[in-house]
Structures are given as C-alpha cells and as structure tokens.
Amino acid sequence: MNTPTPHAPASPFARLLSRLAPIQPAETGAVVAAFFLFFFMWSGYFSVRPVRETIGTIVGRDKLADIWIITSIVSVLIIPIYGAVVARFRRSVFLPWMYGLVALVLVLTGLALRGQEINMVAGKFFYVFISVVNLFLISVFWSFLLELFDRGQTKRLFGVIAAGGSAGALVGPLISDVAVPYIGNSGVLFFGASLFVAAIFCQRVLLGVWSVRTDASNKAEDRPIGGNPFAGAMIILRSPYVLGIALFVVGISCVNTLLYFEQLRMVEEYFPELENRTRIFARFDWVVQSLTVLSQIFLTGRIAQKFGVKALITFVPVIMVIAFAGLAVSGSFAVLTMVVIGRRAMEYAFVRPGREMLWSPLDKETKYKAKNTVDVPVYRLSDAMSAQLNNWVAGAGFGIAAVAWLGAGVAALWAVLGFGLGRSFEDKEKLQGENRTVGNAHQPEGRRVPG
C-alpha cells in the first residue's frame, strides 16, 4: 500500500490512533475509511438479521432445513454470475452497486411485510436472499482489503478494521431491539436499507484512497480480473492449501449450524410473541458484538503479531470442544445462551480475521474467485448438510446432549485442521519472505522493492 513520505507530519488524530492500536500515521486514511465501510455494511446486515431469525421461528426447524437446501442451491448458482461480473467489470463499478442492490431489496421486502401478518412468500425470499448476500458482502469486502494492504499490514490492521464491523454489528441490532416495538419488522428493514446507502459513500471514499496510490510495485490496477467464471472451484481442487481453507470453513459452518437450530428451538419455546423473538435475537447480537469489538481493537492484532495466525484459528475450536461438552451435560437455555454468545464473539474477534489472513499470500484471482466460492457456496452447502444432520439427530430422539457431543467431535477436527493450516500459512510466509530478500538483493542500489 502506498503511504505518504516518512517526513509528512502526522495529524493529532493519526497520532492518537497510533497509540490506541498498531496503526502507522500514514495508514490512517485507509484504515478509517475501511472501518466505517465495514461499520455501515455490517450494521445494515445485523439490524435486519433478527427479522430473518424471527421468520425462521415461524417457518419451523424442519421446513427451515429445507429452505437451507434452497439457499445452498442459490449460492452455487450465483457463483458463475459473480465470476462473470468480476471478470468483466472494474471493482470501482460493481462494489458500490452491490450495496445499492441490497438496499433496494430491503426496501421492497419491507413494503411486502407491512401489516399484522407476515407475508411468508416475501419472508422466505428475504430469508434466502439475506443468507446468501451476507456471505458475499463480507467475502468481497475482505478480498478488496487484501489487495489494498500488504501481508505485514494485514496482521496489524485487520483486527482494528474488523472492529468497525463489530461496532456496526453492535449498533444495528441495538437500535432494532429498541425500535421494533414502534416501527415493526418492516420499519427495521427500511432502517437497514438506509445503512447500506451510507456504505456506498464509504466505499467511494475507500476506492478514492485506492486510486491515488502511486507505488507501482504494490498498486493493484482497478480493472476486470478476466478468466473463467468457474475458476474458483478449479483453484480449490488444484490447491491443497485452498482446499484446507474450504474444509476449515466447513468446520465453522457445522459448529454454527448445530448451535443455531438449538437456539431457534429454545427461543420459539420460551418467547411466543414474534416481536419479542425479534428483540431477543437482536439482544443476542448486540451482546456478542459488545464483547467482540473490544477484543478486536486491543487483542486481535497483538495476538496475531506475537503468536501468529495459527493461534487465532486454533484456540477457539479447542474452547468449543469444552463448551459443547458443558452443554451436553447441562442442556439448559442459560448454558446454550453462553455457548452461543461465546462462540460468536470469539469467531468474530479471532477466527474471522485469522481466516481472512490465510488468503493474503495468494494471487488476485484466488482471492476473488476461489475465496468467494469457499465463502458462499461451500459455506451454504455445508450449512444445508449440517441442518439435515441436526434434523436427523433430533428426529431420532437423541436430544440436545447428542447434538452437543456431535458438536464437540466436529470442533476437535476443526481444531486439528486449523493448526495444520496455520503451519502451512507460516511456511508460505517464510518462503515468500526469502524470495523477497533474494529479489531485493538483485535490485540496483536505491531501487529495492518496498517492504
């Protein structure tokens, strides 16, 4: 990433940020723009997410598992469309349009859901749409940042930038929690749409930061990537490292899904009123994000720098083994609540930034095409299979204890895979560092590749 000259005076705000987090003054503009882009995007999503969960309780667990199959099919079908867009259009064109499309759909869905009764056709469409698009939004966001920042910066800055998303994910559901008794579920969707409009402006600012970079050795040109729209799947199958990331995402999905369906069942049992369900789901979200944002600002970057990516993506699965065991023994709503909140907070604070850092040594096509294939269809297909597995276990009469022990086993495999991926990432970093050293040694004096 291009930065001002070392002699450029730093603003008081930049100096303050450098004391609070490992941000160099020259990086302030890009970090602040990325922080607020993530804030508005994620506050928009998390403000409407409780409405999705409420619709899920109305649909019911058995039918919802089938909707997850539809969601996974849509996720697979949309990948070649996305691949064609990435291949033909510049990021400065299609990235802002993505937020505009989401805002439009939220407004139209909000109009359809106005009234006392939930329009289930519109509700199911919204459930599928937001379940697919949220993974695209987060995947494309991190893909863009992986172009903007180099590997050293990702370790220092991704935790701070991720805190912008966590702050948005705190503010969005907190406002929904307070406002839904007055504006209803449709009003919440209109509010979410306005936040995505704000994200468009932040995206333009970040694209402006990108366009003024002048370091030719680091600058990623704003042009179509080209290539085959189906290249993502082929890259995954050819690369053991990328395949490992895909399997790691399967582990995340399986653990999340097993907890998600138990959460839906208990909320449906304890809260019969629909607006109360929306409020309790919103409360889950803002409590999670309250815990997450502080960790991301003060811990994530420092842990990554001191212990490496391997620590970020390994210790959370280990903790989940213990948490699932506790849930199997207790089986209470209170314990489930603690496990769900703890799992989500730790995933957002540590696993998500660490998982994104795994892509940093890879080329642009892999970051956009293979990454989005992993983040969307692979994730949603795993969701669908895990949902069917959960239904089979519950339908067989085994109860929450069996689901929890199954989750503990999956979390153990997830931990082993995370440890192996972390070691592979470190090997790639070491090899690329050696290659850069050799390349610099052959550069004429004064023309070495910028570090």
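No value in this document is a laboratory result; all are computed from the given coordinates. Keep in mind that what you see is a predicted model, and the values were worked out from it rather than measured. Virtual Cβ from ideal backbone geometry, glycine too; neighbours counted across all protein chains shown.
For this structure, a couple of remarks:
- Summing Cβ point charges (Lys, Arg +1; Asp, Glu -1) relative to the Cα centre of the stretch 21-441 gives a dipole of roughly 740 debye.
- Packing-based ranking of 140-147, 45-52 yields 45-52, 140-147, ordered from highest to lowest mean Cβ neighbour count within 10 Å.
- Using C-alpha pairs under 8 Å with a sequence gap of at least 6, the mean separation divided by the residue count of the stretch 21-441 gives a relative contact order of 30 percent.
- FRET E, pair LEU294, ILE70, Förster distance 41 Å, beta-carbon r, rounded to 0.05: 0.65
- For the stretch 339-348, 3J(HN,Hα) computed residue by residue from phi via the Karplus equation (6.51, -1.76, 1.60; θ = phi - 60°) reads 5, 4, 5, x, 4, 5, 4, 5, 5, 5 Hz, glycine and proline entered as x.
- Between VAL318 and ARG423, full extension at 0.36 nm per residue minus the direct alpha carbon distance yields a gain of 36.1 nm.
- Using θ = phi - 60° in the Karplus curve 6.51 cos²θ - 1.76 cosθ + 1.60, the 3J(HN,Hα) couplings for the stretch 101-108 round to 5, 4, 4, 5, 5, 5, 5, 5 Hz; x is entered for Gly and Pro.
- Between ASN391 and ASP363, the FRET efficiency estimated from the beta carbon spacing at R0 = 30 angstrom works out to 0.15.
- Working from label points 7 Å from Cα in the Cα-to-Cβ sense, the VAL85 to ALA412 distance is 4.2 nm.
- Bridging of LYS124 to aspartates and glutamates at a Cα separation below 15 Å is possible for GLU53, ASP62, ASP66, once same-chain residues fewer than 8 apart are set aside.
- With 20 Å as the limit, the listed pairs LYS310/LYS364; LYS310/LYS430; LYS310/LYS428; LYS371/LYS428 have LYS310/LYS364 beyond it between alpha carbons.
- Protection proxy ranking of 102-111, 27-36, 265-274 - average other beta-carbon atoms within 10 Å, highest first: 27-36, 102-111, 265-274
- Estimated FRET transfer efficiency (VAL197, ALA402; beta-carbon r; R0 51 Å; 0.05): 0.65
- Fewest-first ordering of LEU157, LEU291 by other beta carbons within 10 Å of each residue's beta carbon gives LEU291, LEU157.
- Simple label model, 7 Å out from Cα along Cβ direction - LEU237 to LYS63, nm: 3.7 nm
- Full extension of the chain segment joining GLU117 with ARG204 gains 27.4 nm, where the gain is 0.36 nm per residue of separation less the Cα-Cα distance.
- Gain upon complete extension [ILE183, PHE94; 0.36 nm per residue less C-alpha separation]: 28.8 nm
- Likely footprinting exposure, LYS428, LYS310, LYS367, fewest C-beta neighbours within 10 Å first: LYS428, LYS310, LYS367
- Among 240-253, 321-334, 341-354, sorting by the average number of other beta carbon atoms lying within 10 angstrom of each residue, highest first, gives 341-354, 240-253, 321-334.
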